[in-house]
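Reviewing the structure listed below.
Taken together, the values in this text are just the output of simple stated rules run on the coordinates, not laboratory data. Note that the structure is a prediction, hence the values are computed from the model and not measured. Glycine also receives a Cβ, built like all others from the backbone with ideal geometry; neighbour counts cover every protein chain displayed.
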Amino acid sequence: MSRIVLCIVLCSFLLSPCLLAAKEVKSRYVTLRYSSQELLTDFNEEIELGRNLKANARKTDIVTVEDEVLAKIDAIIEKAETILEMFPDQLHMKIVLLEKSADVAKVFNEKYGKNADHIAFYSLSEDTIYISVNDARLAVLAHEIGHAIVDHYFKVRPPYNVHELMAQFVEKRISD
Ligand SMILES: [Zn+2]
């Protein structure tokens, strides 16, 4: 009986989306996890930068899709810092790519025991953004990055509504 229970625990552990995300790449500001090259390519196509952001992302050498995605994310993070006028020391966050919103909802439910139809969320305790690649857009990613920057910047965490307002501010201005 205990062996069966252990097997169930192990199986659900192995099937958890973050552990399926086997590949990991790092840039200055981010550690990005994803389960397949296809998912990364889809994500790259979904995240379309405006002219200014594109120019900033092109400053680095881009050879692979990984390079391009990381350059884009770093450019978005730097722009978000400028929008918020918050430049926390040693800023680094994790981003986990999941295929669809149902996967994001599953992770959210596992962590918080609540049902929610988020297409992305930022886990304060893990300093990690979970995002659905099917629903990924610049504004969505920028919003969650806004949460991460605010979280790193304040020693005392601002009230939830203020946190949310600042993330929305980044979301609105990221394409300017
Ligand atoms: Zn938010």
(request) Have a look at Ser101, Leu70, Met86 and report the one farthest towards the positive end of the charge dipole of region 63-105, computed about the Cα centre with Cβ charges (Lys/Arg +1, Asp/Glu -1). (result) Ser101
(message) Given a 10 angstrom Cα cut-off, can you work out which residue in Asp151, Asp61, Asp127 is the most mobile in a GNM of the chain?
(response) Asp61
(message) To make sure I understand the rule: partners must be lysines, Cα under 18 Å from the Cα of Lys59, and not fewer than 8 residues away in the same chain. Which ones qualify?
(response) Lys26, Lys72, Lys79
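Can you give the extra length, in nm with one decimal, that the chain gains between Phe154 and Ser175 once fully stretched, where that is 0.36 nm per residue apart less the Cα-Cα distance?
Gain on stretching Phe154 to Ser175: 5.1 nm.
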(request) Determine the sum of side-chain charges near Glu24: Lys and Arg each +1, Asp and Glu each -1, restricted to other residues whose C-beta is under 11 angstrom from that of Glu24. (result) +3
(request) Quote to one decimal, in nm, the extra length available between Leu165 and Glu110 on full extension: 0.36 nm per residue of separation minus the C-alpha distance between them. (result) 17.2 nm
(message) If N is the number of residues in region 18-173, what value comes out of its Cα radius of gyration divided by 2.2 N^0.38 Å?
(response) 0.98
(request) Mind telling me which of Leu40, Leu165, Leu97 comes out most flexible in a GNM of the chain, alpha-carbon contacts under 10 Å? (result) Leu165
(request) Give, as ranges by residue number, the residues of region 98-121 whose backbone N falls under 19 Å from the point 7 Å along Cα→Cβ of Glu38. (result) 98-104
(message) Give me the dipole magnitude in Debye, nearest 20, for the chain about the Cα centre, with unit charges on the beta carbon: positive for Lys and Arg, negative for Asp and Glu.
(response) 320 debye
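To the nearest 20 debye, what is the magnitude of the charge dipole of region 53-109 about its Cα centre, counting +1 on the Cβ of each Lys and Arg and -1 on the Cβ of each Asp and Glu?
Here region 53-109 has a charge dipole of around 220 debye.
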(request) In a Gaussian network model over the chain where Cα atoms closer than 10 Å are linked, find which of Gly113, Gly50, Gly146 has the largest mean-square fluctuation. (result) Gly113
(message) Starting from the 7 Å offset along Cα-to-Cβ, what nm value, one decimal, do you get for the label separation of Arg28 and His92?
(response) 1.5 nm
(request) Within the set of other residues whose C-beta is less than 12 Å from the C-beta of Ile83, count the net charge using Lys and Arg as +1 and Asp and Glu as -1. (result) -2
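What 222 nm value per residue comes from the helices of the chain, counting each DSSP H run with n ≥ 4 as -39,500 (n - 2.57) and dividing by all residues, nearest 500 deg cm²/dmol?
Theoretical 222 nm ellipticity from helices: -17000 deg cm²/dmol.
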